Amino acid sequence: MARSKRITVVGCVLVLSLALGTASAEVVVIVSAQSPVSALTRAQLADIYLGRSNRLPNGDPVVPIDQAFGSAAHDLFYRDYIGRSTALIKAHWSRLIFTGRGQPPKAVPNDSATAEIVAENPNTIGYVDSGHVDIRLRIVPIE
Amino acid sequence: MPATPTLVQRWLHRLPEPPVLFSAIAVLVLAVIWSTTLYLAANEHAAGQRAAAALTADLTDTYEAQMVGALNVIDQTLLQVRYNLRTAPAHAVLREMGASGLLPHEFLFTVSIADADGEIIATTQPAAMESVAARDFFQRTREDRGMVIGLPRFHPETDEWRLHFSRRLEAADGGFGGSVMVSVHAGYFVSGYDPDALGKHGMLGLVGTDGIFRVRRTDDVVYAGDAIEYRSLVPDRAIDTASDAIEVKVNGWDGVRRYTTARKLFEFPLAIVVGLSDTEQLAQAKALVRTYLGRAAAASALLVALIALIGRLSWQLQKARARVAEEQVAYAKRLEYFAYHDSLTDLPNRAFFSRLLVQGMHQARRYERCLALLFLDLDRFKTINDTLGHKAGDELLQEVGRRLRGCIRDSDVIARLGGDEFVILLPEIAHATQAVPVTRKILAEVGKPYTLVGHEYRITVSIGISLFPNDGEDEQTLMKNADIAMYHAKEKGKNNFQFYSEQLSTDALEHLALESSLRNALQNDEFLLYYQAKLDLNSERITGMEALLHWQHPDLGLVAPMKFIPLAEETGLIVPIGRWVLETACRQNVAWQKAGFPALTMAVNLSARQFLDDHLLGDIAGVLRETGVEPCRLELEINERILIRNMERTLQILQGLKQMGVRLAIDDFGMGYTALSTLKPFAFDTIKIDGSFIQEVMRSAEGKRQTEALITLGRSLGQTVIAECVETVEQADFLRTHACDGIQGFHVHEPMPAAECAQRLHEQLLAAVAPRP
């Protein structure tokens, strides 16, 4: 009697999470499956995306892939992972561009494009909606 | 050479004084501290200003480069889009260019294309689709061939100012074909504001040649749209920009005082404005200056405190030194005073007087005047000192000193020589007599009563006066002669004054010589006795002898009794001499007895000293014993004056003598008979009437009466009355008729040595009556 109950609970949870997973707009950081990157800290991730660093912790060059300004993925990423508001990002890049000290990361239109580029280029890093992760990609845990 | 020193010289002269020196040093150091500080402060300030100016210049250069770069990117975009629009439609151009990365980042820049009517036909930002027909820049783009920079517009929905840059599109017919535009948020152009460099009150700005600020930023705040006087802000760019004038002025748009540079951009109708807040930039310098000033103030305060402290210590030291010096001087003065003054009377002492005397003599010698020296010796001071004690004696001396001081003038000198001796110097007297009034005054004053231990006492003073230059021309001589004169005054009965005379000196010398020979006379057997007979008037026979002491001086010859007996009395030598006289006289008497002469009474004089001597009775007893003479054969003649004094003792002695069995006679009877009535019960054996009365007997009736009375009185006191100094037969006759028992004198015979006397006695034996000479 207990066992069957447990199975039912687990099964419901799985179904629910699946359902929710597909419906939720969770953004994950991804690299190519061949990328040597295993994990990154928030600070390291921020440095890469804010133009402060163009190398991975292990010394390999890295190219960040951004999504279209104003898109859901873009907003979520910058809010959850980088922790800066849009206004701050704007001001940051205004200064770097105006003073000629940096260029924003390359922007691609959507998740699929991001996934394609990242999958084919092991030296890139990007972020996509979790639903777009396939076997060519690996999720990078961010501490 | 100036007669009076200048102000500067006077102050220089005072420099070594501690207060002036310290003040000068303090001022000097303070001057150094402050001049250095102010110099450094000025330097710091100037450096700060220079740094601010330099930084402003630097920032301006950087900003200009950045701004030109940014504007060029925008312009390039416009030109490229316009170029591509020749061959492709608007949408395609934007898309292709975007994909190729030829468009600036779309999250900052929006690229749009508008048609001739101002409708947006293509844009990188789908939300920005509204018409630009009414926009200012669109109007200007119609006319302008270059890049048009629109006026800033505030978008409340995004809370930002936006700027539009546009270029004209040519229509196929050459007319206005629309515009290509790039819009960006105005803050972009001031996004490089570095708070570290520009601070919170600096500014970066972009102003159009039309005087409208396209954008400006101070700290975090972005402004746009302010209108300014362009020409007054931006200088003409005819000259090389390397020497931009950087003025410090108040920026009109926000009222902040800034180091401001405004530079027109080369290709664009814009000028950049860079400003650094005067207050902010110089804050550090000012803080540093304040530190310097604070340090200087602290150092100054410390210095002043230190100097004040040192000054105070120095002043205290000076005071202490001055006090010590004063004390030393006072001490020295006191020592000197005590060295020169008598502690009891406060009068000058001998040493001081000596100096003053010498001085006085010099003065007198110089001005040919005399001076008088008064030597004062208090009479019988010793008695008072012994009776009342030393304390009373001291008080007496002090009072005497005071009175003496009162008798003399300020120019006179008085000193205490010691004991009861004083000396007074009267300088500058013209004549000896001028000394007399002072001397008389002194005698009077000193003679007034003194109150000691509650009772009144009197003393007197003997004064000897010597004169300079008559009586001596040096200190010692004057003093000695005054002393001799004083001694003479004492001899003359005390309580008087005597002037010095040479005779006195001679007398004094004689006196001294005599005294010394007298001391040896007894040992040297220089004494001898002369005898004078007493004649009994009834029997006309010699009944007695009086022994008279003579001195055979080796040099002076025979010295009469009155010359040396007083001296003997004074020196006390009379006692041993008197004893010798007694002995010799008694022996002689015994010898005459043995020679067969009839019994005689030997009379010997007793002086006051002998009479009062403690050993008198013992000595007489001894003589009687040794010589073997019968007591009734010895008669002691005692002067009436001696008997009057000290009645009690006199009676005692007389009793004792009487008990021994010797005869007693009153000598020189006549003066004090009143007092003698007390001796009445005593019954003297002989009364000898004083010679002075006998001399008067034949001269006056008074004399006769007196003598008569004396004989009567004498009878009442004694058994026998003898007259002295009988010289004439008339006197003898008178006395005989007036019941006088005996006579003595030249009429009988003069005093003669024992041998001659014996001769006379012998003659008497042979004759019944004493032969007349």
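Just so it is clear, none of the values below were taken in a lab; they were calculated from the coordinates. What you see is a predicted model; the values in this text were computed from it and never measured. In this analysis, Cβ positions are derived from the backbone assuming ideal geometry, glycine residues included, and neighbour counts consider all displayed protein chains.
Can you pull the semi-axes for region B:379-453, root of five times each eigenvalue of the Cα gyration tensor, sorted largest first, whole Å?
26, 12, 10
In µm²/s, what is D for region B:15-305 at 10 °C and 1.306 mPa s, where D = kT/(6 pi eta Rh) by Stokes-Einstein and Rh is the Kirkwood radius from Cα pairs?
The Stokes-Einstein estimate is 71 µm²/s.
Per residue, how big is the convex hull of region B:150-248 when only Cα atoms are used? Give it in Å³.
Spread over its residues, the Cα hull of region B:150-248 gives 157 Å³ apiece.
Per residue of region A:97-103, what does 6.51 cos²θ - 1.76 cosθ + 1.60 with θ = phi - 60° give for ³J(HN,Hα)? Whole Hz please, x for Gly and Pro, Karplus curve as stated.
So the Karplus estimates, Gly and Pro as x, are 6, 4, 7, x, 9, x, 10 Hz.
Under a 5 Å amide H to amide H cut-off, with H placed in plane at 1.01 Å, what residues pair with B:LEU452 once short-range neighbours are removed?
Here B:TYR457 satisfy the definition.
Using amide H atoms built in the peptide plane, which far-off residues or other-chain residues are under 5 Å from A:VAL108 H to H?
Distant-sequence amide H within range of A:VAL108: A:ASP66, A:GLN67, A:ALA68.
Based on the alpha carbon coordinates of region A:27-139, what radius of gyration and maximum Cα-Cα distance (Dmax) apply, in Å?
In Å, with Rg to one decimal and Dmax whole: 13.2, 41.
Taking Rh as the Kirkwood radius computed over C-alpha pairs, what is the Stokes-Einstein D of region B:544-591 at 4 °C in a medium of viscosity 1.567 mPa s, expressed in µm² per second?
111 µm²/s
Tell me the volume per residue, in Å³, of the convex hull enclosing the alpha carbons of the protein assembly as shown.
Cα-based convex hull of the protein assembly as shown, divided per residue, equals 487 Å³.
Kindly provide the GluC sites (Glu not before Pro) of region B:20-122 that DSSP labels as loop, not H, G, I, E or B, and whose Cβ sees at most 14 other Cβ atoms within 10 Å. Working shown, then result.
Values: sites: B:GLU44, B:GLU64, B:GLU96, B:GLU106, B:GLU119; in loops: B:GLU106, B:GLU119.
Within region B:20-122, the qualifying GluC sites (Glu not before Pro) (loop, at most 14 other Cβ atoms within 10 Å) are B:GLU119.
Excluding residues fewer than 8 places away in the same chain, name every one of the lysines whose C-alpha is closer than 20 Å to that of A:LYS106.
Within the straight-line limit of under 20 Å, A:LYS106 reaches these lysines: A:LYS90.
Which value at 222 nm does chain B reach when only helices count, each DSSP H run of 4 or more adding -39,500 (n - 2.57), with the total divided by all residues and rounded to the nearest 500 deg cm²/dmol?
Per the formula, -16000 deg cm²/dmol.
Taking θ as phi - 60°, what are the ³J(HN,Hα) couplings along region B:736-746 by the Karplus curve (6.51, -1.76, 1.60), each to the nearest whole Hz, with x for Gly and Pro?
Result, rounded to whole Hz: 4, 6, 9, 6, 7, 7, x, 10, 9, x, 4.
Work out the length of the dipole vector of chain B about its Cα centre, built from +1 on the beta-carbon of each Lys and Arg and -1 on the beta-carbon of each Asp and Glu, and round it to the nearest 20 debye. Write out the running numbers ahead of the final one.
Working: 79 positive and 97 negative charges, 153 e Å.
With only Lys, Arg, Asp and Glu charged at Cβ, the dipole is about 740 debye.
Which number comes out as Rg/Rh for region B:350-500 once both Rg and the Kirkwood Rh are worked out on C-alpha atoms? Walk me through the numbers on the way to the answer.
Working: Rg = 15.2 Å, Rh = 15.5 Å.
When Rh is taken as the Kirkwood radius, the ratio is 0.98.
Would you grab the residues whose amide H sits under 5 Å from the one on B:ILE429? Only those 5+ places off in sequence or on another chain, please, with H modelled 1.01 Å from N.
HN-HN under 5 Å from B:ILE429: B:CYS370, B:LEU371, B:ALA372.
Take B:GLU473, B:GLU280 and order them by how many other Cβ atoms sit within 10 Å, fewest up front. Present the calculation step by step, with values, prior to reporting the outcome.
On the way: B:GLU473 11, B:GLU280 17.
The most exposed by this proxy come first: B:GLU473, B:GLU280.
Shape verdict for region B:524-766, please, from the Cα gyration tensor: rounded (a/c under 1.5), prolate (a/b greater than b/c) or oblate. Intermediate results must be reported in sequence, preceding the final value.
Numbers: a/c = 1.42, a/b = 1.13, b/c = 1.25.
Here region B:524-766 falls in the rounded category.
Of B:ALA430, B:LEU378, B:ILE442, which is farthest along the charge dipole of region B:358-462 in the positive direction, counting Lys and Arg as +1 and Asp and Glu as -1 at C-beta?
Going by the charge dipole, the pick is B:ALA430.
Karplus couplings for region B:606-612 from phi (6.51 cos²θ - 1.76 cosθ + 1.60, θ = phi - 60°), rounded to Hz, Gly and Pro as x?
10, 7, 4, 5, 5, 4, 8
I'd like to know how region B:244-374 sits against the 2.2 N^0.38 Å rule of thumb: what's its Cα Rg over that expected value?
Against the empirical 2.2 N^0.38 Å value, I get 3.11 for region B:244-374.
Region B:282-352: D in µm²/s via Stokes-Einstein (Kirkwood Rh, Cα pairs, 20 °C, 1.002 mPa s)?
Values: Rh = 17.1 Å.
Approximately 125 µm²/s, per Stokes-Einstein.
Divide the volume of the convex hull of the Cα atoms of chain B by its number of residues and quote the answer in cubic angstrom per residue.
351 Å³
In region A:68-121, which trypsin sites (Lys or Arg not before Pro) fall in coil by DSSP and have 11 or fewer other Cβ atoms within 10 Å?
Working: sites: A:ARG79, A:ARG84, A:LYS90, A:ARG95, A:ARG101, A:LYS106; in loops: A:ARG84, A:ARG101.
Those satisfying the criteria are A:ARG101.
In percent, how large is the relative contact order of chain B, given Cα pairs closer than 8 Å and 6 or more residues apart?
Relative contact order, chain B: 7 percent.
What's the Kirkwood radius of region B:601-665 in Å, using all Cα pairs? Don't skip to the answer; put the middle values down first.
Values: mean 1/r = 0.0841 Å⁻¹.
Result for region B:601-665, one decimal place: 11.9 Å.
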